[in-house]
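Asks: What follows is a structure written as structure tokens; I'll ask about it next.
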Amino acid sequence: NNIPQNVSLLFDASCGEGKELDLAWLVKAVKASILSGIPSGRIGFAGGLKPSNIQQVVQDLRQVYGWTNGIWIDMESGIRSVDDVFDVGKAWSVCAGIDEIGWDNYKKANIEYQSLRAAQIEHLPKTVKISNHAVLAHKLSLLRDRRTKPRDFRTILKEITFYLGYEVTKELPLRQRHDCIAPNGIYVSADKAVRLDAKVALIPILRAGFGMVEPMLDALPNAAVHPIGMYKRGGAYDRPIEYYSRLPRSGGKDYDLAVILDPVIATSRTVHAVISKLQQWGARQIVVLGVLASADGLKTLASDHPSVHIHVAQVDDRLTEQGELLPGLGDPGDRIYSSAKLESDFITKAVQRLPSTSSLGTLDLGRNDNDLPPPPSPVRLENISSLNQNGNTTKYTEIVCTAIEPPSFTMDERDSATQLTTHDGGFGPSPARMKWGASSADLRGPVIATTRHGPQRNAIGAHAGGYSIYRALAVASGGLDTTRMPKLELTTPAVRIGPHPSWFDPTKIVTMDPFGHDIQSSFHAWLKKGYDIRPTIAVTRAHVELPECKDALRSGYLSADDLILAKSGTSVVTKAAIEPVWYLPGVAARFGVSERLLRDSLFAQTNSMYPELITRDDLKLFLPPIGGMTVYIWGDVSTIADPNVELTCRVHDECNGSDVFFSDICTCRPYLAHAVIECIKCAQRGGNGIVIYFRKEGRALGEVTKYLVYNMRKRQQGGDQASEYFRCTEDVAGVKDTRFQALMPDVLHWLGITRIHKFISMSDMKYDAITQSGIEILERVEIPPELIPADAQVEIAAKVHVGYHGGTSYAVDENKLSETKGREYY
């Protein structure tokens, strides 16, 4: 059962040495091959074959291999002349010998064929109807034949559909006629003169199903046609993609019968989805009309939809791991519309059907962009510095930009249609190279996500995330000229950050572009070519003034040094604003799921906002419509990556109510202020302090959800209780936390951090995510008890009880948990 689907087996008795064929051994070998699962029609024979023994060889093989399977024979020396050239006379004598015993034993083959069909029918559900018609079997063989031209394929498909269509409609209701007069003038009685009394809807599944519409309309000229556009992706059990549907709003109750048209039913996932849609539409009766189907697909359909009858001409027993029917008839859509792939594409697909392991060793044939050989370096630039993996600066003295294609510009709105989505593999998209984790910016390529270069865009989504909506409003109102290029010459980073080795590891950073702040030097050649490349990171310098720092100065806990902290309580920081850029394969790997599952979930949960998640597997980058983060750094940025330089760090998730408006129901503001003070003290000692502020309001559930939870906590029976803290969130949101800290450490790796001396956080999830990513944490610092507002005791008790770091300050047992309560609602 593990034999690869594209393997053929050749028995060569001679191996070029002129040995005679050992028929007894050959028969044993064939039996063993069949038992091993070699597909029918894929066993060949060579060696010692010649006109004098060809009849006996074929007859012996047929005794073992059967009459309905193809036999491949290869004879080379047996049909050569004494001069070692091809002898057409010998070739004809071989044909004559086969002619004499029959190329096919029609009688025996027909018996075997009928027996096989009887066995198939016996094991299939009763709702499945397989045609027994000899003409259909003949026609279907022509459809299967790869030599059948598209015009003939269309014609034969119409003929088969026409025949099967009569079977599908044989029980449609009839109405008597009273106006039928024969040519001889005799009245035809009403029991013989009838007309169809049913409204039929034809539901072709685009695009192959369209090839079956015309013959059905020939049989039912008044039938309505309601196409549904749907296709199956590469995996056998991936959800099908629906891209078109215009079923009438009035519903299926207007029709007595809905006939789904699809030439090939393989896994049945697509047909299943269409049946479900028609049932929701209100279809009274549904019938599926196909030409060829898999046994497994039919069984699944019949099990899921026992009231639906299915009519096909033949059944194939085998499916590949990708859900392709074997031997099948190819892609009917490609063959109908003459858009079949090149032979090399078929070979590639066959290779991809190999299992991941074989007797030759481990094979990994899945697509992995990081395993591809690096493209040639695209540029050599005069007087331009490029940062490499080792952090060295390379200066180019020659301008050579031939490896970078000139940018294509999106057509004017007057000259183009609005595209609902784009598709990979066709005309149009030609995304700029993107080799995530490459050893240099040149080799990796820039993130191109502006609307200016549609064909070369290599990311899904838009810059600025949710703020892109405001940009759209500016464009719609006439306030923003879409042809204007931003002036970025004076926007370069205020301090240099990186590069660090983690930038070139595709597993360390998967949610931001490490070169996003450095596009002017990293992607100068692309900019010079005319590409509109936008920074996703901005690094600047600033002064920060917190009331808590002034209080700490007055109390003597902080002291001014006029370098890090002024007497006014103002501190000097470097800060970086970062927009998310997700490398989808890396994000999927962080959560231990497939990239396909991740894409499907993102598409579904954004209410289909980003169809390219489904249609553009070639685009691996996604700019999600979520908030980014801001990094605040106290101290010398250039020493952050040095593990011997003290580093104090807090990773803080946004809490607008507490951080900005000092709400006392949580510890966010006091813990944040404490972290800032500790960062300043660390920088004054010669180290560095970092606060990373993530826009993940309400545990990334949103502020509305957070306030709803507040209401539940205060209104529940017994009041605001620590023991019910997380349950209230789960009752409202279905989950207690969606921050998923597995993605959080990326920014630390961007800064080159390998060791944190003081981690100002009690979160076990943050600690685990950071340490599991390879960063060492020496000390965890809990919030001082005196900083906790009275109403926030509920939060602290609940968190410590479920595993947050309590240090020496906090210990919460069951009694403490049940006793801790917040104040009344008002």
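Asks: Test Val225 against the stated conditions and say whether it is in contact with a Cys (Cβ under 9 Å, 6 or more places away or on another chain) and over 29 Å from Asp600 (Cα atoms).
Replies: For Val225, the condition - in contact with a Cys (Cβ under 9 Å, 6 or more places away or on another chain) and over 29 Å from Asp600 (Cα atoms) - is not met.
Asks: For the list (1) farther than 15 Å from Glu703 by Cβ; (2) open to solvent by less than 10 Å² (accessible area, probe 1.4 Å), I need the number of the one condition that Ser658 fails.
Replies: For Ser658, the failing item is (1).
Asks: Any idea which of Val274, Val291 is out of contact with any Leu (no Cβ under 9 Å at 6 or more places or on another chain) and open to solvent by less than 20 Å² (accessible area, probe 1.4 Å)?
Replies: Answer to the selection: Val274.
Asks: Continuing with the same structure: On the basis of being surrounded by fewer than 18 Cβ atoms within 10 Å (Cβ to Cβ) and of a type in the set (D, E, K, R), does Arg269 make the cut?
Replies: So Arg269 does not fit the description; no.
Asks: Applying the selection to the range 657-671, what residues are of a type in the set (D, E, K, R) and assigned to a helix (DSSP H, G or I)?
Replies: Asp659, Arg669 - these are the residues of the range 657-671 that are of a type in the set (D, E, K, R) and assigned to a helix (DSSP H, G or I).
Asks: How many residues, within the range 590-608, are out of contact with any helix residue (DSSP H, G or I) (no Cβ under 8 Å at 6 or more places or on another chain) and not charged (D, E, K, R)?
Replies: Selection size over the range 590-608: 8.
Asks: Follow-up. State yes or no: is Ser250 polar (S, T, N, Q) and open to solvent by less than 50 Å² (accessible area, probe 1.4 Å)?
Replies: Values: polar (S, T, N, Q): yes; open to solvent by less than 50 Å² (accessible area, probe 1.4 Å): no.
For Ser250, the condition - polar (S, T, N, Q) and open to solvent by less than 50 Å² (accessible area, probe 1.4 Å) - is not met.
Asks: Also, I was wondering about something else. With respect to Val225, is the statement that it is open to solvent by 30 Å² or more (accessible area, probe 1.4 Å) and among the β-branched types (Val, Ile, Thr) true?
Replies: The answer is yes for Val225.
Asks: In the range 749-787, how many are open to solvent by less than 20 Å² (accessible area, probe 1.4 Å), over 25 Å from Ser638 (Cα atoms) and of a type in the set (A, V, I, L, M, F, W, C)?
Replies: Residues meeting the conditions: 2.
Asks: Which residues, taken from the range 520-537, are open to solvent by 60 Å² or more (accessible area, probe 1.4 Å) and either of a type in the set (Gly, Ala, Ser) or under 25 Å from Lys575 (Cα atoms) (or both)?
Replies: Quick first cut of the range 520-537, residues open to solvent by 60 Å² or more (accessible area, probe 1.4 Å) only: 528-529, 534.
Arg534 - this is the single residue of the range 520-537 that is open to solvent by 60 Å² or more (accessible area, probe 1.4 Å) and either of a type in the set (Gly, Ala, Ser) or under 25 Å from Lys575 (Cα atoms) (or both).
Asks: Continuing with the same structure: When you look at Leu672, is it without any contact (Cβ under 8 Å) to a residue 24 or more places away in the chain and under 20 Å from Val794 (Cα atoms), yes or no? Reasoning before the result, please.
Replies: Details: without any contact (Cβ under 8 Å) to a residue 24 or more places away in the chain: yes; under 20 Å from Val794 (Cα atoms): yes.
Answer is yes for this residue.
Asks: Another question about this same structure. What number goes with the only condition from (1) farther than 22 Å from Leu584 by Cα; (2) in a helix (DSSP H, G or I); (3) open to solvent by 10 Å² or more (accessible area, probe 1.4 Å) that Ser502 does not pass?
Replies: Failing condition for Ser502: (1).
Asks: Does Arg207 count as within 30 Å of Leu613 (Cα to Cα) and either at pLDDT 95 or above or open to solvent by 30 Å² or more (accessible area, probe 1.4 Å) (or both)?
Replies: So Arg207 fits the description; yes.
Asks: Also, quick follow-up: Tell me the residue from Arg616, Arg650 that is touching a residue at least 60 places away in the same chain (Cβ under 8 Å), within 23 Å of the chain's Cα centre (by Cα) and buried (at least 20 other Cβ atoms within 10 Å of the Cβ), please.
Replies: Checking each option against the conditions leaves just Arg616.
Asks: Would you tally the residues in the range 101-144 being at pLDDT 80 or above and assigned to a helix (DSSP H, G or I)?
Replies: Residues in the range 101-144 being at pLDDT 80 or above and assigned to a helix (DSSP H, G or I): 11 in total.
Asks: Considering (1) surrounded by fewer than 23 Cβ atoms within 10 Å (Cβ to Cβ); (2) under 40 Å from the mean Cα position of the chain (by Cα); (3) outside any helix (DSSP H, G or I), say which one Ile690 fails and leave the rest.
Replies: (1)
The values are calculated or read from the model by the stated rules, or taken from the named source; none is laboratory data. Computed from a predicted model, the values in this text were never measured in an experiment. Every residue, glycine among them, receives a Cβ derived from its backbone with ideal geometry; neighbour counts consider all protein chains shown. These area figures cover heavy atoms from the full protein model, side chains too; ligands, DNA and RNA do not enter into them. Shrake-Rupley method; radii C 1.70, N 1.55, O 1.52, S 1.80 Å.
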